[in-house]
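Working notes, structure below.
Where a number appears in this text, it was derived from the coordinates with a stated rule and is not lab data. Model, not experiment: these values are computed from the prediction. Every residue, glycine among them, receives a Cβ derived from its backbone with ideal geometry; neighbour counts consider all protein chains shown.
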Amino acid sequence: MITKMNHVSIFVLNQESAYDFYVNRLGFKVHTDASMGPGMRWLTVCPPEQPGLEISLMAINEGMMFKEDAAEQMRALVSKSTFGFGVFECNDLLATYEELKAKGVEFTKKPTKEFYGFEALFKDDSGNWFSLGEKAK
Amino acid sequence: MPQSASTVFPKIYLYRRVVQAKLFIDTHYHQPINLDAIADEAYFSKFHFIRLFKATYGKTPHQYLTAVRINNAQLLLKTGMPVTDVCYAIGFDSVSSFSALFKRITKKSPSSWQQAELKRAAVMKKSPLNFIPNCFAQQNGWTQNRNFQQQEEPVVADL
């Protein structure tokens, strides 16, 4: 029986820039930052209250899981905001929206009451988009 | 038809003030912070400010300031900075009060927490494959780099 997920990958255009976005803007914590040689870095971050889920910020580089043409195609798709990688949760959506907006995070949808819940959409520095929902009170 | 936040939440300006106060704490945690002054700056009475802040962040401004200071202490301790220097760098005046508070929150003294983190960083540098799920390491060809030995060879189940 599978009991939980402990690693998930997000493909990013630049790991250094992604580090700044996820750590300094979103407030995530660095779990592992291991250098495997020039241009090869294993970088994982965790949402502050979910230390058991490592989000691997995977660079889309040739030779790193991708062949040359695949890497090029993947970079183009990510930068066109093709991929939505998940739903993040916060305690207070309006406050989190105001804070992240003040930190320069780009929202593609303002906090909105939908029939399924209260949500906003934002993009990371690469173009990956996420839903941000409010924890049920 | 979904409604925008500004029509559903006409008092959004209150959020902006609370968020600004939080961001002020985030960036000035290492200075002496007068929470009364923050409440004044946000145009709230002290009690109204504390109530709104706690409703938004689940902590009083003072509890939040303490959490920010301890989080930043952990970041500095990870760099190898001496505990005394960390104490003053995050806005504490007394090493003993800092150490006691740090231990209450993290269950470890600052020095033992630091030693554990520095040891983990050293192992990560020497044997990074121990921190990477093997499937990812293999996909990236990292397991072929003999400079980075796993501490133990994988054992496949005989099924």
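For the reader, a short list of remarks on this structure follows.
- Antiparallel DSSP beta bridges within the protein assembly as shown, percent to nearest 5: 65
- Relative to the Cα centre, the charge distribution of the protein assembly as shown, modelled as +1 at Lys and Arg Cβ and -1 at Asp and Glu Cβ, gives a dipole magnitude of about 880 debye.
- Amide N proximity, region B:58-90 versus B:K125 label position 7 Å along Cα-to-Cβ, cut-off under 17 Å: B:76-82
- Degrees between helix A:93-102 axis and first principal axis of chain A (Cα, 0 to 90, nearest 10): 50
- DSSP-loop GluC sites (Glu not before Pro) across region A:47-109, with at most 11 other Cβ within 10 angstrom: A:E49
- Note on region B:10-115: with charges restricted to the Cβ of Lys and Arg (+1) and Asp and Glu (-1), its dipole about the Cα centre is near 540 debye.
- Distance between modelled label sites at B:C135 and B:A37, nm, 7 Å Cα→Cβ extension: 5.3
- Residue among A:S9, A:P38, A:S79 farthest towards the positive dipole end of region A:7-134, charges placed on Cβ: A:S79
- The value obtained for region B:10-115, namely the Cα convex hull volume divided by the number of residues, is 96 Å³ per residue.
- Helix A:68-79 and the longest principal axis of the C-alpha atoms of chain A enclose an angle of approximately 20°.
- Cross-link table A:K135/B:K107; A:K103/B:K78; A:K4/B:K119; B:K46/B:K78; A:K113/B:K103; A:K123/B:K22, entries beyond 32 Å C-alpha to C-alpha: B:K46/B:K78; A:K113/B:K103
- Charge dipole of region A:7-134 about the Cα centre (unit charges at C-beta), most positive-ward option of A:N91, A:L121, A:G27: A:L121
- About the centre of its Cα atoms, chain A shows a dipole size close to 280 debye [charges on the beta carbon of Lys, Arg (+1) and Asp, Glu (-1) only; nearest 20 debye].
- Distance from region A:58-137 to region B:75-105 (C-alpha centre basis), Å: 35
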